[in-house]
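To keep things clear, I will list the structure first and then write my remarks on it.
The values are calculated or read from the model by the stated rules, or taken from the named source; none is laboratory data. Just so we're clear, the structure is a prediction, and the values are computed from it rather than from any experiment. Cβ placement follows ideal geometry from the backbone for every residue including glycine, while neighbour counts extend to all protein chains displayed. Areas reflect the complete protein model, heavy atoms only, side chains present, ligands, DNA and RNA absent. Shrake-Rupley method; radii C 1.70, N 1.55, O 1.52, S 1.80 Å.
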Amino acid sequence: MTRRCALLLWAGSGPSTAAPPGIDGAAYAAALFEDVAEVLQGLAGVDTLVGCAPGESGNVRSLLWPGVGIVEMVGPSVRAVVGIAQERGYDHAAAVAADAPDLPTLVLAKVFQALTRSPVVVAPADPEGAVAMGVTLPAPSWLPPVDLDDPQVADRLRAAAPDPAQVEVTPGWRRLRVQADVHRLDPGLEGWEATRALLSGLSSPQGA
């Protein structure tokens, strides 16, 4: 049986610079994180882990359901995710960004599906970077030190691979990285309840 894990990268309890005016930055970052964690909970056959900086586990645990594994690491990164997953005996691992509150479970399901045929998979973020990155374990020796915020992450991976076809790009999704990104949220989509509740005092994210 293939063992799979998705590791959500907690950026820390500091304020998010992407918070829209009138919204507390720390509360905004926590709401985005909580909503992505809920998305991961809906993935069948995938264990959820959370990576955080030393000393942040208490802040993280308060946002999660019981039983989620929390791993403290210095500088949460894709390479750190791969190492942790490999040590724990997983066959497939995916690093997931914590600022995509309305991320469909199907996007992550396609990442894990692609890992059955490709050693490295990228779900791009619009307009750049990645919302998730999956790796088949043990990780290929050519895997470079990339992270989800790398604007050209897919290109860098393909350039490092002996054959560019070893890096598969699946359908991606948006991340909320600057203040204007909040307007890209679709109120008609299900989910993102924590973010929705936080924004409820403002006008519609789409300005409707």
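Quick notes
Here's the yes/no breakdown for (1) within 16 Å of L40 (Cβ to Cβ); (2) surrounded by fewer than 18 Cβ atoms within 10 Å (Cβ to Cβ):
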position	(1), (2)
E72	no, yes
A80	no, no
A94	yes, no
L103	yes, no
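- Criterion violated by L115 - all others in (1) more than 17 Å from F33 (Cβ to Cβ); (2) buried (at least 24 other Cβ atoms within 10 Å of the Cβ) satisfied: (2)
- Consider region 145-192 and keep the residues that are in contact with a Phe, Trp or Tyr (Cβ under 8 Å, 6 or more places away or on another chain) and at pLDDT 95 or above. The one that is least open to solvent (accessible area, probe 1.4 Å) is A161.
- Residues located in region 106-121, provided they are assigned to a helix (DSSP H, G or I), of a type outside the set (V, I, T) and under 19 Å from R156 (Cβ atoms): A114
- Test set (1) in a loop (DSSP other than H, G, I, E, B); (2) farther than 20 Å from V182 by Cβ; (3) in contact (Cβ under 8 Å) with a residue 60 or more places away in the chain; (4) not aliphatic (A, V, I, L, M) - G22 fails condition number: (2)
- If you go through region 190-202 and keep only what is more than 19 Å from the chain's Cα centre (by Cα) and of a type in the set (A, V, I, L, M), you end up with A197, L198, L199, L202.
- Selection over region 138-189 of residues that are small (G, A, S), in a helix (DSSP H, G or I) and over 21 Å from the mean Cα position of the chain (by Cα) gives a count of 3.
- Any hit, region 28-44, residues being closer than 18 Å to A132 by Cβ, assigned to a loop (DSSP other than H, G, I, E, B) and without any contact (Cβ under 8 Å) to a residue 60 or more places away in the chain: yes
- In the set (1) over 18 Å from A94 (Cα atoms); (2) surrounded by 22 or more Cβ atoms within 10 Å (Cβ to Cβ); (3) modelled with pLDDT under 95, the condition left unmet by T195 is number (3).
- Residue in region 85-96 that is part of a loop (DSSP other than H, G, I, E, B), touching a strand residue (DSSP E or B) at 6+ places or on another chain (Cβ under 7 Å) and small (G, A, S) present: no
- Of the residues making up region 1-40, those that are open to solvent by 50 Å² or more (accessible area, probe 1.4 Å) and either of a type outside the set (S, T, N, Q) or at pLDDT 90 or above (or both) number 11.
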